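**Student:** This structure is in C-alpha cells; I'll ask about it shortly.
What follows draws every value from the coordinates through simple rules; no lab data is involved. What you see is a predicted model, and the numbers here were worked out from it, not measured in a lab. Here Cβ is always computed from backbone atoms with ideal geometry, including for glycine, and neighbour counts include all displayed protein chains.
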C-alpha cells in the first residue's frame, strides 16, 4: 500500500541560495520520502528507481541544454509516479515488462481504471500525460542508454492539451474576499487579483517594496524586484482595486509595519492554497488556486490595458511570449485590434525624445511577431497550390512577371522596415 506523503508547513523565514523566501518546503519532504522508500520498500525495482533519481538530480545526460539536473520538487513527483507505476505493475520487474504490458497499462490509465492512490479519483488529462512522460523518459534511461526510446514506450502519445482553466469574475473574487473574517486574507485576495503577480512574488514582498501614493500616482504600487521575479522580469505594478485594502492592512493589521525588512504576509504557500480551496468550494462551488486568480486578473486587464507592451510588463511576460494572446482571445479582443494598437502606440514611443536601445529591441520583437503572423497567413493561402508549382516556376522565368513580383515583395518589406530605420537614425542622433 502506498504511504501518503504529508506536505509540511514552510518555515516562513527560511531563505534560499538565491535570496528568495522559501514558498514550499520540497527539500525536506523529498529527503524524508526518499529515505522512507529506501528503508521500507520491498520492491524489486527499488534500486533502479533510486539510481534514476540520483542521475536526474546530479545531471540528465539526455538533455542538451545547459541545465541538466532537476530540483527536489520535480524529483519528488517523479519518485511518486514511479512508485505508483511499480504498484500498478504488481511488483513485476521493470526490465521484464514488454510492449503489451505497457499498452495494457496505458489503456487502463486512459479509461480511468487506474486512479490516484491518494484521492481514489481518476487522473486529470494533464496528469495522465505527465505520468506517461515520466515513464517514457525513465525507460529511455533504463533500456535506451539515454539515447533512444525503446520499443516498449516509443509509441506512447504524450500530447498534453492546454487546459482552458477556470476563470473567476471580479464579482466572484469580491464574494471570496467578503467570506474571509481576517482582514489579512481579504487584502491578499484583492492584491492577488488586482496585481496579477505570481504567488511566489507576492509572498516575497516586504514592507520596503510598497510605493505609497504621491503627486505622480494617487494609488499604491508594489515593487517586484528582479531578485524575486520569475526570469528576472522585475516591475512596478499599480494597484487600482486593492490600494485601500493594502494601506489599511499595513496600518492596522500588520504585526511589524515599521520594519522595512518585514515580509508583507507571513503565510506559507500551502496555507494559502488550502484556504483558497476551502473558501472557493464553499462560496463559489469552484476550486480556487493562486494561479487561476492570476489568470483571471490577466483576462480582466486584457480589455483595460491599452498597449501590448504595458500588458506584458504588468504580468512579467517577455514581449516575444505567446501567453498574452491566450488572454486576449479569452477576453474577446481581436488579434488585429491588438496588433494595430501595438503598431500605432509603439511608433509614437519610438519617435519621442526618450528613445533608448532597449525600446528598439522591444519594437524589433513586435515587428518580428507581426511578420511571422503575416508569413503564416501567406502559407495558409498557398497551401493548396503545391500541384501548380511546376507551372509557377515556368512563369517566373518570364522577366516581366519576375519584375512585378519583386516590386510587390519590396513594397511589403519596405513598409515593415521603415519604422526600424527611423528608430536606428534616432539613436544615432542621440549618440
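**Student:** Less than 15 Å from a label point 7 Å out along the Cα-to-Cβ axis of residue 183: which backbone N atoms in the stretch 218-236 qualify, by residue?
**Tutor:** It comes to no residues whatsoever.
**Student:** In nm, give the distance between the simple-model label positions of residue 233 and residue 84, each being 7 Å from the Cα along the Cα-to-Cβ direction.
**Tutor:** Here the answer is 3.0 nm between the modelled labels.
**Student:** Taking 7 Å along the Cα-to-C-beta vector as the label spot, tell me the residue 119-residue 38 distance in nanometres, rounded to one decimal.
**Tutor:** With each label point 7 Å from Cα toward Cβ, the separation is 3.1 nm.
**Student:** Let me ask another. At 0.36 nm per residue, and after removing the present C-alpha to C-alpha distance, how many nm does the segment from residue 208 to residue 158 gain when stretched out fully?
**Tutor:** On the way: separation 50, 0.36 × 50 = 18.00 nm, distance 4.54 nm.
Full extension from residue 208 to residue 158 adds 13.5 nm.
**Student:** So between residue 398 and residue 320, what do we pick up on full extension, going 0.36 nm a residue minus the alpha carbon distance? Intermediate values should be presented prior to the final figure.
**Tutor:** Working: separation 78, 0.36 × 78 = 28.08 nm, distance 4.01 nm.
Between residue 398 and residue 320, full extension yields 24.1 nm more.
**Student:** Only counting other Cβ atoms within 10 Å, I'd like 268, 297, 179, 227 sorted with the fewest neighbours first.
**Tutor:** So the ranking, lowest neighbour count to highest, is 227, 179, 268, 297.
**Student:** Direction-averaged shadow area of the convex hull around the Cα atoms of the stretch 26-142, nm²?
**Tutor:** Computing the convex hull of the Cα atoms and averaging its projections yields 7.6 nm².
**Student:** In nm, what is the difference between 0.36 nm times the number of residues separating residue 47 and residue 151 and their Cα-Cα distance? Don't skip to the end; give the middle numbers.
**Tutor:** Values: separation 104, 0.36 × 104 = 37.44 nm, distance 2.27 nm.
Length difference between fully extended and current span is 35.2 nm.
**Student:** Could you tell me whether the stretch 170-333 comes out rounded, prolate or oblate from its Cα gyration tensor? Rule is a ≥ b ≥ c as square roots of the eigenvalues, rounded for a/c under 1.5, then prolate if a/b exceeds b/c, otherwise oblate.
**Tutor:** oblate
**Student:** Once label points are set 7 Å from the Cα along Cα→Cβ at both residue 261 and residue 175, what is their separation, rounded to one decimal in nm?
**Tutor:** Distance between label points: 4.4 nm.
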